[in-house]
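Asks: Dropping the structure in here first, questions after.
The values are calculated or read from the model by the stated rules, or taken from the named source; none is laboratory data. Note that the coordinates shown come from a computational prediction; the quantities given were computed from them, not determined experimentally. Quick reminder, even Gly has a Cβ in these numbers, built from the backbone with ideal geometry, and neighbours come from all protein chains shown. Ligands, DNA and RNA are excluded from the accessible area calculation, which covers all protein heavy atoms including side chains. Shrake-Rupley method; radii C 1.70, N 1.55, O 1.52, S 1.80 Å.
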Amino acid sequence: MTNQQQPVAQEHALDRDCKTLSRHVLEQFQSFSAEAQDLSAIMNRIALAAKLISRRLSRAGLMAGVLGFTGEVNVQGESVKKMDVYANEVFISVFKQSGLVCRLASEELEEPYYIPENCPIGRYTLLYDPIDGSSNVDINLNVGSIFSIRQQEGNDIDGEARDLLQDGRNQIAGGYILYGPSTILVYSIGNGVHSFILDPSLGEFILSQENIQIPKHGPVYSTNEGNFWQWNEAIRDYTRYVHRHEGYTARYSGALVGDLHRILLQGGVFIYPGTVKKPEGKLRLLYETAPLAFLVEQAGGKASTGTQDILDVVPEKLHARTPLIIGSKEDVDLVESFIQDRARRDSDEAVVAGS
Ligand code: AFP
């Protein structure tokens, strides 16, 4: 490297190090409006929660009382892990005194957490899944957090949070944090999808990729094939199709955030369908499927229940679930085509049987 090139390279490295998350959010708005400043501050708080959770996860095996179950069962009927409780409290703690939100609604809480009256109250609601893929925690595999930001509508005097029961197009921002070999935060405020990597030496999330576009098609299909015989015929038809055609490969980690991150960068489809017994599937709309659908649509991909865009689903209750087919547009379209085919065949058979 010549002496002249050296300062240029140094300048680039410095520029890159200064592209922090909060600065990036402000740049997206191209203004210092109150909304821009609020959202920049909210993202900064989410980043702080991510750093605290990441720090805890990185030392979990060395500390007492971090891994394993608490012995309690949450509102979803699932056994609660100590890390779920910790991560849930982290988000509450970082937002409680912030003056940015009025409520937090979490997969781990039966009712939303309302900011107490003696604390400053903001106009946004944070919805989140504190630890997604918690079965991976005890074995040191990747896990994630998922978040969504919505603005409060009305004053929610009865504390029922009914204004949250709206479709996903109402979200202001959505994103996830992936706790893997590095900690990555991916977000969208409706203006493209951007990813940041936590630089532990700086304690800052630094921009790594701007305006991510998901490939139109990819080789990966990501689903729990252990449920094959509990799925309806359409999803089985699709699975048989990928088994019989070249160019497909299966990847499934047990943590949606990790599987989706792969698909966002390399293309493919993640499927968590309903089963015959549970047609609504497992994943929660407000904390998982809607925020990820918001993000994936922003990256040029698609998210569907199989018959409807996820972002058009209006939940009947806070903890509503939906089936999820998400990823590259062509791959989601292909899964949907199997569902439509089956529906057509079923209705033709019903006509024949009735005649
Ligand atoms: P947990 O957080 O309870 O482990 O659930 C993870 C998850 O919501 C999602 O991240 C996974 O893709 C999916 O459920 C795994 O579910 P199965 O174990 O039924 O495949």
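Asks: Roughly how far apart, in whole Å, are the Cα centres of the stretch 169-233 and the stretch 316-336?
Replies: 15
Asks: Give the long-range amide H neighbours of residue 280: residues separated by 5 or more places, or on another chain, with amide H under 5 Å away, using H modelled in the peptide plane at 1.01 Å from N.
Replies: 275
Asks: Out of all DSSP beta bridges in the stretch 176-326, what portion is antiparallel? Express it as a percent rounded to 5. Before the final figure, lay out the partial values.
Replies: Working: 20 of 25 bridges.
Here the share of antiparallel DSSP bridges comes out near 80 percent.
Asks: Per DSSP helix of 4 or more residues, -39500 (n - 2.57); summed, then divided by the residues of the chain. What does that give at 222 nm, rounded to the nearest 500? Walk me through the intermediate numbers first.
Replies: Numbers: 8 runs with 122 residues, N = 355.
For the chain, the value works out to -11500 deg cm²/dmol.
Asks: Same structure again: For the stretch 215-355, what class follows from the C-alpha gyration tensor (a ≥ b ≥ c being the square roots of its eigenvalues): rounded when a/c is under 1.5, otherwise prolate if a/b is larger than b/c, else oblate?
Replies: On the way: a/c = 1.69, a/b = 1.24, b/c = 1.36.
Verdict is oblate for the stretch 215-355.
Asks: How big is D, in µm² s⁻¹, for the chain by Stokes-Einstein at 10 °C and 1.306 mPa s if Rh is the Kirkwood radius over C-alpha pairs?
Replies: Details: Rh = 21.4 Å.
Rounded, D is 74 µm²/s.
Asks: When the Karplus curve 6.51 cos²θ - 1.76 cosθ + 1.60 is applied with θ = phi - 60°, which whole-Hz ³J(HN,Hα) does each residue of the stretch 295-302 get, with x for Gly and Pro?
Replies: 5, 5, 4, 5, 8, x, x, 9
Asks: Straight-line reach only, C-alpha to C-alpha below 15 angstrom: list the aspartates and glutamates that residue 19 could link to, leaving out same-chain residues fewer than 8 apart.
Replies: Once the sequence-local aspartates and glutamates are set aside, what remains near residue 19 is 11, 27, 199, 204, 210.
Asks: Measure nothing but the geometry: give the 0 to 90° angle between the long axis through the Cα atoms of 34-59 and the longest principal axis through the Cα atoms of the chain, rounded to 10°.
Replies: Value to nearest ten degrees: 80.
Asks: Classify the stretch 275-345 as rounded, prolate or oblate, taking a ≥ b ≥ c as the square roots of the eigenvalues of its Cα gyration tensor: rounded when a/c is under 1.5, otherwise prolate if a/b is larger than b/c and oblate if not.
Replies: Numbers: a/c = 2.24, a/b = 1.10, b/c = 2.03.
Oblate, since a/c reaches 1.5 and b/c is not below a/b.
Asks: Next question. Quantify, in whole percent, the carbon and sulfur part of the accessible surface of the chain (1.4 Å probe; protein heavy atoms only).
Replies: Working: 8070 of 16630 Å².
The computed percentage sits at 49.
Asks: Another question about this same structure. Please say if the stretch 1-155 is rounded, prolate or oblate, where rounded means a/c under 1.5 for a ≥ b ≥ c the square roots of the C-alpha gyration tensor eigenvalues, and otherwise the choice is prolate for a/b larger than b/c and oblate otherwise? Don't jump to the answer; show the numbers that get you there.
Replies: Numbers: a/c = 2.93, a/b = 1.30, b/c = 2.25.
It comes out oblate by the Cα gyration axes.
Asks: Additional query: Averaging sequence separations of C-alpha pairs under 8 Å and six or more residues apart, then dividing by the length of the chain, give the relative contact order as a whole percent.
Replies: Working: 689 pairs, mean separation 50.5, N = 355.
The value is 14 percent.
Asks: Using the heavy atoms of the protein chains alone and a 1.4 angstrom probe, what is the accessible area of the chain per residue in square angstrom? Before the final figure, lay out each step's value.
Replies: Values: 16630 Å² over 355 residues.
Result: 47 Å² of accessible area for each residue.
Asks: Just order 132-138, 94-100, 199-205, 349-355 by mean Cβ neighbour count inside 10 Å, highest at the front, would you?
Replies: The most tightly packed comes first, giving 132-138, 94-100, 199-205, 349-355.
Asks: Ordered by residue, what ³J(HN,Hα) values in Hz, to whole numbers, does the stretch 339-352 give under the Karplus form 6.51 cos²θ - 1.76 cosθ + 1.60, where θ = phi - 60° and Gly and Pro are x?
Replies: So the Karplus estimates, Gly and Pro as x, are 5, 5, 4, 4, 4, 4, 4, 4, 6, 4, 5, 5, 5, 4 Hz.
Asks: Shifting gears a bit: So what are the ³J(HN,Hα) numbers for the stretch 124-140, from phi and the Karplus equation (6.51, -1.76, 1.60; θ = phi - 60°), rounded to whole Hz, Gly and Pro as x?
Replies: 10, 10, 9, 10, 7, 10, x, 10, 9, x, 5, 5, 7, 4, 5, 10, 6
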